[in-house]
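Worksheet for the structure shown next.
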Amino acid sequence: MKKICSFVLIFMVFSSIFAATMDNRVRSLSKTLTENLFDNPEEYIESVVKSLTANVSGTSAKVKILHDWICDNIAYDTDLYFTDDDEYWNSAKQDYVTVIKKRRALCSGYSNVMTVMCRLAGIEAKGVSGWSKGFAYQGHLTEQTNHAWNVVNIGGRWQQIDVTWDAGYVEYKTFIKRYTTEWLYRTPEQFIYSHFPKDEQYQYLKEKKTPQEFEKEPYVPGKFFDYGFSFTDVKPDYSNEISEATRYEFKIAKTGIVTTGSLYEKSSGYNKQSCWTDRIFNRVAVDFALPQAKTYRAMIMAFNQSEHKMPEFYGIDEFENSILPKAAQLVANKKITQRDYENLQDAYFKVEQNGRYYAQDIQFASARTASALKTLKLLEQNTQEYENILYFDLKPSQNYKEFVAKNRYPQTYSSYIDVRNTLLLSPRQGALKKGETVNFLIDSKDFSSMALYINEKLILLKKNQKGIFELETEIPDTQAVKVCGSKPNAKSYLVLWEYEVR
């Protein structure tokens, strides 16, 4: 029987990259030693480990270097994972020798290499088998385990590491190299949301989780915690049945983090206008309304306003027939150099079968990356993209109220995303009716003035006795109503939300 091995499958269009830095000693090995290792791992692996960890103080730093070397040199074996040839599968080995010679592995192979390299560095390490909420997880544990990772002893405490997931991801049967440290030294309380060991001793929790508890909880990537999020007393389950639009609230410790929600359904794709986000100081609340009587994958997404990154991918046609020609025009206009143009070309690689160009995982070419990023900004490309930080399913109950297939909530502009203390109290529906009387209520400490923009005219809202901006008005014959805000001492208004008028 074919064994299942879990990896991270990226299917969202919102993702970001280069969130971690690889240790530059990873590529300090001599070319001869590196080639000898790939030819004869048994003879040279100890020398490689000694070279990598020489003059490195601290077990934690040594483990990271070994983790980084594996991520940089071992690719996920998609040919093996997706093969239908049982004989080929059953004969495939995942011992460290075979993996290093092939430079390709499944999760157990990554784990085996990590275990051997740590032990040769004098670090106690073990491979762990169990289940994960990666690709192929169906909301319950299978009879057979589907993943493998490591635990290492650092200062008397066992730390959990998933090298497979930190090496990259698989999309459309293609491995995309993408180094992270998202699954390096995650706490046991965080790790248990995504990894469930077969042997409960490897949970390292005071109160052990049961298989039923693991199945019930949502999939929480490490990024959720990296962005400073934590759960309130109530958190979503992995699968949730709801009877109406439902709100989920989270704590956030960091500033400058932009958050939103999205729904995904295979036949209809992504839907962000069925989600609404409120941000109040150290809390984020996201409302989800279901467009149709189907099960949706709900996602919470975030990005850091202070970080700019190259877009993860472009479609082949867009990159070849739009991005590169426009960059060439920048060269002709002397806004960038020919070298900048070449850096942009080199920053992406084509995967024909996926129909995409993907950003190169260039860990030690910061100048080239900065050059490509500069060009993309001049081309007005979005360099701040959302990352998925939480997943759970939503399905309607038999008495679900009010399916709204389009414009459930108003369209949101970046001006609203950028503020932290502005609440749209009403109306919350995304479409207004011509001739109806609507009461606009907005609570804001970010803006000193609020107005509606209708038919190229500003109509000011006034503060009521509670300090809430308010205006009751009849919706005229127009296509859209925009809500705008002006900050203290500003001379202009920023659009926050837009309503369709029907």
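Descriptive notes on the structure:
- Put simply, the convex hull of the Cα atoms in region 280-381 casts, on average, a shadow of 10.2 nm².
- For the chain, the longest principal axis of the alpha carbon atoms and the long axis of helix 41-53 meet at an angle near 60°.
- Accessible surface area normalised per residue over region 323-380 is 53 Å², counting heavy atoms of protein chains with a 1.4 Å rolling probe.
- Packing, as the average of other Cβ atoms within 10 Å across residues, places the peptides 213-222, 391-400 in the order 213-222, 391-400, highest first.
- Net charge, Phe364 excluded, C-beta distance under 12 Å - Lys, Arg +1, Asp, Glu -1: -1
- Pairs from Lys254/Lys309; Lys395/Lys462; Lys309/Lys335; Lys266/Lys350 whose Cα-Cα separation, in the structure shown, is over 30 Å: Lys395/Lys462
- Of the peptides 443-453, 75-85, the ranking by mean beta-carbon count within 10 Å, highest at the top, reads 443-453, 75-85.
- Reported label for calculated Cα Rg over 2.2 N^0.38 Å given [x] 1.10; [y] 0.96; [z] 1.02: [x]
- Each residue of region 366-380 was assigned a 3J(HN,Hα) from its phi angle through the Karplus curve 6.51 cos²θ - 1.76 cosθ + 1.60 (θ = phi - 60°); the sequence is 4, 5, 5, 5, 4, 5, 5, 5, 4, 5, 4, 5, 5, 7, 6 Hz, with glycine and proline shown as x.
- Estimated 222 nm signal from helices in the chain, with DSSP H stretches of n ≥ 4 weighted -39500 (n - 2.57), rounded to 500: -6500 deg cm²/dmol
- Spatially close lysines, pair count over region 40-181: Cα under 17 Å, gap of eight or more or interchain: 7
- Looking at the chain alone, DSSP beta bridges between its own residues are antiparallel in about 90 percent of cases.
- Rounded percent of accessible protein surface that carbon and sulfur make up, the chain, 1.4 Å probe: 46 percent
- Separation of region 265-292 and region 126-150, taken as the distance between their Cα centroids, equals 29 angstrom.
- Listed by chain and number, the lysines whose alpha-carbon sits under 18 Å from that of Lys251, ignoring those within fewer than 8 places in the same chain, are Lys223, Lys235.
The values are calculated or read from the model by the stated rules, or taken from the named source; none is laboratory data. Bear in mind the structure is a predicted one, so any value in this text is a computation, not a measurement. Neighbour counts run over all protein chains shown; Cβ positions are idealised from the backbone, glycine included. Surface accessibility is based on the protein's heavy atoms, side chains included, excluding ligands, DNA and RNA. Shrake-Rupley method; radii C 1.70, N 1.55, O 1.52, S 1.80 Å.
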